[in-house]
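Quick note: the coordinates plus some simple rules give every number you see, no bench work behind them. Owing to the predicted nature of the structure, the values given are computational and were not obtained by experimental measurement. Counting neighbours? That spans all protein chains shown, and the Cβs are built from the backbone with ideal geometry, glycine included.
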Amino acid sequence: MRSVKVPLGHRSYTIKIGAGLLPSLGPECARLKLGARCAIITDTNVGRKFAKPAFDSLVRAGFEPSLIVVPAGETAKSLRSVQTCYDQLASHRLERKSFIVALGGGVVGDLAGFVAATYLRAVAFVQVPTTLLAQVDSSVGGKVGVNLKAGKNLVGAFHQPQFVLCDLDTLRTLPERELRAGLAEIIKYGIISDAALFAKLERELPKLLARDPKTLAAVVARCCEIKAEVVGQDETEGGLRAILNFGHTIGHALEAISSYGKYLHGEAIAIGQVAAAELSRDVLGFPVSDAERIQTLLERAGLPTRVKINSRQQTKLFAAMKLDKKVSGGEIKFVLAERIGKVVWGQKVPAALIARQINSQIPTTSKRGAAGSTPK
Ligand code: NAD
Ligand code: GLY
C-alpha cells in the first residue's frame, strides 16, 4: 500500500492507495473518533457493486450507517440531489459528530462532499473513490459542489475529507470509456508539472489501458503526490492551484452546452487540453512538437480531441466560458503551457484568438460536412 499526505496543517490527511482496501473502511473511520451514526452516499452503479462491503465494514466497526443512493451520471450533481440527500440525512437523524462516506466517482464525491460541507453547517466526510478520475483528482483537495444549468460547479465549497481510500480493485469493474476519461486527468498532471510522468505515460499507456496493477498503483500515487503538493501550497486557489484546470476552460463549457450528457468530464477536458496546447503555441511559443505529443497521447488513450459543433453552439460555448469561475473582470483566463511539465495560470488570451481556436479545433458544421472526429 502507498500513502500520500496532503499537507494542510491541522486539516492534513492521508490518501491510501492499494488493492483490497475497501474492507478497512470501518477501522479507518473508527480512528476518527466520530459519532456512530453515518451515511454512505453512492450512485446506482457503484452501490450495486460496493455498497455492501462498505456498509458491512462500517457495521463491524460499530457504526450505524444508512445508505443514500443517487442516480448514476453527471446530472446527479445537482441541487435537486442535494435536497434528496439532506432529507435522508434528516430522517436518519445524523448529528454534528456524524460523518458521510462518499463512495463512487467524482460525481458522488463532489455531491456528497457538498452535502457534508453544508449539512448542520458541516459534518466530516471521507472519500472512497471508485473511478480512475476520482482516485487521481476529484477525491483529493476538498473542492466539492454541484452544477447549475448555467455552468459546471457553480455552487460549491472547500471542504477537505478526513482521509481518502483508493482501493485499486474497484477499478476492475470500471467501464472502458470511464477508464479512458480518467487518463485525460492523468495526462494533465504530466503536462502541468512532470515531464518525466508524461514520457512514462507515452511508454506505459498500453499497461494502463490493460489495468496493470503495478503501473496503476505507481501512476495513481504520482498524480496524488502532485495534487497534494499543489493543494498544500494553495488550498483555495489564490493562484497556483489554477494549474490543475489546464484544459478545463473550454472543457467545462463544452460539458455545459451539451447539458452534461454528451461528453464525460475526461472527454471534454481532453478536447480542452488540445485547445489549450494550441493556444499556448500561439500565445507563448509552446513548441508545435509538444502540442502534437499531447494530441497523440490523448488519441492513443482513445479520447476525443476535436468535435463538430454548429455556429449557434459556438456562441453558446463562448457564453458558457464567460461563466467559468476563472473569469475575472469579464475576462476569460487560461492556463497555458510553456513546455511539457511547466504551465502558467491567469493568462489573458485575446478573444479573436479564442474564436480562431474554436473555429479551427471545433470546426463549424458546414453543408459539406466538417473535419474532425465525431464526439462520443
Ligand atoms: P462519475 O462519478 O459519473 O463516474 C463515472 C461512471 O462510472 C458512473 O456511471 C458511475 O456510476 C460508474 N462507476 C464509478 N465507479 C465504478 C466502478 N468501480 N465500477 C463500475 N462503474 C463505476 O464520473 P467521474 O469521471 O468519476 O467524475 C466526474 C466528475 O468529477 C465531474 O463532475 C467533474 O466535474 C468532477 N471533478 C471534480 C474535481 C474536484 O476537484 N472536485 C476534479 C475533477 C473532476
Ligand atoms: N480539479 C481542480 C482542482 O482540484 O483544483
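Relative contact order for the chain: what is it in percent, counting Cα pairs under 8 Å that are at least 6 residues apart? Don't skip to the end; give the middle numbers.
On the way: 750 pairs, mean separation 56.8, N = 376.
Computed value for the chain: 15 percent relative contact order.
Rounded to two decimals, what is Rg over Rh for segment 219-313 when you use alpha-carbon atoms and the Kirkwood radius? Present the calculation step by step, with values, prior to reporting the outcome.
Working: Rg = 14.6 Å, Rh = 14.6 Å.
Radius of gyration over Kirkwood radius for segment 219-313 works out to 1.00.
For a quick check of your reading of the filter: which trypsin sites (Lys or Arg not before Pro) in segment 113-169 sit in a DSSP loop and have no more than 13 other Cβ atoms within 10 Å? List each step's numbers first, then the result.
Working: sites: ARG121, LYS143, LYS149, LYS152; in loops: LYS149.
Loop-located and lightly packed - LYS149.
Over all directions, average the projected area of the Cα convex hull of segment 75-201 and note it in nm².
Numbers: hull surface 34.7 nm².
It is 8.7 nm².
Among the listed pairs LYS188/LYS348; LYS262/LYS348; LYS5/LYS207; LYS5/LYS97; LYS77/LYS262; LYS49/LYS143, give every one whose C-alpha distance is greater than 18 Å. Display every interim value, and only then the final one.
Working: LYS188/LYS348 20 Å; LYS262/LYS348 29 Å; LYS5/LYS207 26 Å; LYS5/LYS97 24 Å; LYS77/LYS262 15 Å; LYS49/LYS143 26 Å.
Checking Cα-Cα distances, LYS188/LYS348; LYS262/LYS348; LYS5/LYS207; LYS5/LYS97; LYS49/LYS143 exceed 18 Å.
Treating the beta-carbon of each Lys and Arg as +1 and of each Asp and Glu as -1, no other charges, what is the dipole magnitude of segment 30-161 about its Cα centre, to the nearest 20 debye? Provide the component values of the computation, followed by the final result.
Details: 16 positive and 8 negative charges, 45 e Å.
Taking the Cα centre of segment 30-161 as origin, the dipole is about 220 debye.
Using the charge dipole of the chain (Lys, Arg: +1 at Cβ; Asp, Glu: -1 at Cβ; taken about the Cα centre), state which of ALA268, PRO71, GLY104 has its Cα farthest towards the positive end.
The listed residue farthest towards the positive side: PRO71.
Simple spin-label model, 7 Å along Cα-to-Cβ: GLN233 to PHE318 in nm?
Result for the modelled spin labels: 3.5 nm.
Describe numerically, in nm with one decimal, the distance between label points set 7 Å from Cα along Cα→Cβ at SER91 and at THR75.
It is 2.3 nm.
Given a 10 angstrom Cα cut-off, can you work out which residue in LYS214, LYS316, LYS188 is the most mobile in a GNM of the chain?
LYS214
Roughly how many Å is it from the Cα centre of segment 122-152 to that of segment 4-20, as a whole number?
15
Where does the chain land on the Kirkwood hydrodynamic radius, alpha-carbon pairs, in angstrom?
About 20.8 Å, per the Kirkwood formula over Cα pairs.
Taking R0 as 22 Å, what FRET efficiency do you get between LYS214 and LYS5 from their Cβ-Cβ distance, rounded to the nearest 0.05?
0.50
Over segment 192-252, what number does the Rg to Rh ratio reach, with both radii from the alpha-carbon atoms and Rh per Kirkwood?
Numbers: Rg = 13.5 Å, Rh = 13.0 Å.
Result: Rg/Rh = 1.04.
Cα to Cα, under 17 Å, and not fewer than 8 places away if on the same chain: which aspartates and glutamates meet these conditions relative to LYS33?
LYS33 reaches GLU64, GLU95.
So what's segment 1-88 giving for Rg/Rh, alpha carbon basis, Kirkwood Rh from the mean inverse pair distance? Mind dumping the intermediate values first?
Numbers: Rg = 14.7 Å, Rh = 14.7 Å.
Checking Rg against Rh, the ratio lands at 1.00.
Please compute P(r) over all alpha-carbon pairs of segment 6-52, binned at 10 Å starting from zero, and give each bin as a whole-number percent.
Bins of 10 Å from zero give 18, 43, 36, 4 percent of pairs.
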